[in-house]
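K.L.:
Just passing along the structure, written as structure tokens.
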Amino acid sequence: MSRVVVCGSLNMDVVVQSARRPAPGETILGAEVSFLPGGKGLNQAIASARLGVPTAMVGAVGDDAFANSLRGFLADNDVDSTGVTEIEGPATGVALIQVAEGDNSITVASGANTHFAASMLPDEPRPDEVWVAQFETPLAATQEILARAHAAGARTVLNLAPYADHPPELLKTVDVAVLNEIELSQATGTRLDAASATDEVVAACNVLRERGARAVIATLGPRGAVVVSATGVDTIPAVQTKVVDTTGAGDCFVGALVARLAAGVTPVEAARFASAAASCAVERLGAAPAMPTGEEVAARLAKA
């Protein structure tokens, strides 16, 4: 089994649970607050590591208590954090997450994440590794890192979230692109929403394949996922579950996907596993702490 290297953001998530969201100018009492490790990069690294895959995290944090908590959480989950650089000045990233009625809204103060650079990599990519990136850290760093990983022969996965305009050549270094229907709409200029037909989603995925991505996976929430590659189109049904908190579900999908890619399976097989993993994660509060173990995912697949 090869190693997964996740390059991306690390945040402390401040999760506020309430019966409903307040209206503008309104104050609601009786909410509950939790401080939970998060950030798309950290979430994906934890999801991979909890599935038993050797995983390393590369990113930036501030010189503060949140940084110490995040490092400790990575260590507790057997994630190699030697590539997490501490920066003086900016604070560790913080995400304020409002959870109400089974859904969430998120505001992020990126802090140290905006100072991450490719020069912070502790090691060069190796051909037997899977390298993962997102868009919560500087685009220039993401582009350089994926180019170096691709040139080294490593498998590369890009989660185009949250969506950002990027140079056309970026996708030429990507083996698997992962994004939801909103990000897919933004990336292709196509009108897509939760009710869009599968044919429309597939057509948009093929736009990204024409730009260079070898395979494109569109995650569609309760509708499952679609995998578009040179071998054709595969639809992945969602696994039925009771939703508590959707925070981090997409990150769980990506982390589980790369864990299976590291084991040598195809993107389609990996996506089926990732869908089951995400169905486990949404049953618990938080992002990184909700990531399931391999045993939990296997049990879920056995029932599907």
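K.L.:
Could you check segment 69-85 and list, in sequence order, the residues that are in contact with a Ser or Thr (Cβ under 9 Å, 6 or more places away or on another chain), closer than 18 Å to residue 110 by Cα and either without any contact (Cβ under 8 Å) to a residue 24 or more places away in the chain or surrounded by fewer than 21 Cβ atoms within 10 Å (Cβ to Cβ) (or both)?
P.N.:
Those that are in contact with a Ser or Thr (Cβ under 9 Å, 6 or more places away or on another chain), closer than 18 Å to residue 110 by Cα and either without any contact (Cβ under 8 Å) to a residue 24 or more places away in the chain or surrounded by fewer than 21 Cβ atoms within 10 Å (Cβ to Cβ) (or both): 69, 71.
Per-residue answers, yes or no, for (1) closer than 28 Å to residue 269 by Cβ; (2) of a type outside the set (Gly, Ala, Ser):
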residue: 113; (1), (2): no, yes
residue: 135; (1), (2): yes, yes
residue: 153; (1), (2): yes, no
residue: 163; (1), (2): yes, yes
residue: 177; (1), (2): yes, no
residue: 207; (1), (2): yes, yes
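K.L.:
Provide a single number: the residues in segment 121-142 that are more than 22 Å from residue 2 (Cα to Cα) and either small (Gly, Ala, Ser) or surrounded by fewer than 24 Cβ atoms within 10 Å (Cβ to Cβ) (or both).
P.N.:
5
K.L.:
Looking for something out of contact with any Cys (no Cβ under 7 Å at 6 or more places or on another chain), farther than 29 Å from residue 226 by Cα and among the small types (Gly, Ala, Ser) - is there at least one such residue anywhere in segment 143-151?
P.N.:
no
K.L.:
Considering only residues of segment 1-32 that are touching a residue at least 40 places away in the same chain (Cβ under 8 Å) and hydroxyl-bearing (Ser, Thr, Tyr), which is surrounded by the most Cβ atoms within 10 Å (Cβ to Cβ)?
P.N.:
Among them, the one singled out is 9.
K.L.:
Among the residues of segment 270-301, which ones are among the hydroxyl-bearing types (Ser, Thr, Tyr), out of contact with any strand residue (DSSP E or B) (no Cβ under 9 Å at 6 or more places or on another chain) and free of Cβ contacts under 8 Å to residues at least 60 places away in the same chain?
P.N.:
The one that is among the hydroxyl-bearing types (Ser, Thr, Tyr), out of contact with any strand residue (DSSP E or B) (no Cβ under 9 Å at 6 or more places or on another chain) and free of Cβ contacts under 8 Å to residues at least 60 places away in the same chain: 279.
K.L.:
Condition first: polar (S, T, N, Q) and either in contact with a Pro (Cβ under 8 Å, 6 or more places away or on another chain) or closer than 19 Å to residue 11 by Cα (or both). Now tell me which residues in segment 113-136 satisfy that.
P.N.:
Once the filter is applied, which keeps residues that are polar (S, T, N, Q) and either in contact with a Pro (Cβ under 8 Å, 6 or more places away or on another chain) or closer than 19 Å to residue 11 by Cα (or both), segment 113-136 yields 113, 114, 134.
K.L.:
Here is a further query. Kindly list the number of the only condition in (1) within 30 Å of residue 283 (Cβ to Cβ); (2) in contact with a Lys or Arg (Cβ under 7 Å, 6 or more places away or on another chain); (3) modelled with pLDDT under 95; (4) not small (Gly, Ala, Ser) that fails for residue 168.
P.N.:
Looking at each condition in turn, residue 168 falls short on (1).
K.L.:
If a residue counts only when it is surrounded by fewer than 19 Cβ atoms within 10 Å (Cβ to Cβ) and modelled with pLDDT under 95, which helices (runs of 4 or more DSSP H) contained entirely in segment 190-304 have at least 2 such residues?
P.N.:
294-303
K.L.:
Being closer than 28 Å to residue 11 by Cβ and charged (D, E, K, R) is the filter; apply it to segment 224-261 and report the residue that is farthest from the chain's Cα centre (by Cα).
P.N.:
Only one residue tops the list, namely 242.
K.L.:
Count, please, the residues in segment 147-183 that happen to be in a helix (DSSP H, G or I), surrounded by 20 or more Cβ atoms within 10 Å (Cβ to Cβ) and either free of Cβ contacts under 8 Å to residues at least 24 places away in the same chain or under 15 Å from the mean Cα position of the chain (by Cα) (or both).
P.N.:
Final tally of qualifying residues: 2.
K.L.:
If residue 47 satisfies all but one of (1) out of contact with any Phe, Trp or Tyr (no Cβ under 9 Å at 6 or more places or on another chain); (2) crowded, with 21+ Cβ neighbours inside 10 Å, what's the number of the condition it fails?
P.N.:
(1)
K.L.:
Of the residues 2, 34, 81, 18, which is at pLDDT below 95 and closer than 24 Å to residue 123 by Cβ?
P.N.:
Answer to the check: 2.
The values are calculated or read from the model by the stated rules, or taken from the named source; none is laboratory data. What you are looking at is a predicted structure, and each value in this text was computed from that prediction instead of being measured. So basically every Cβ, Gly included, is an ideal-geometry build from the backbone, and we count neighbours across all protein chains shown.
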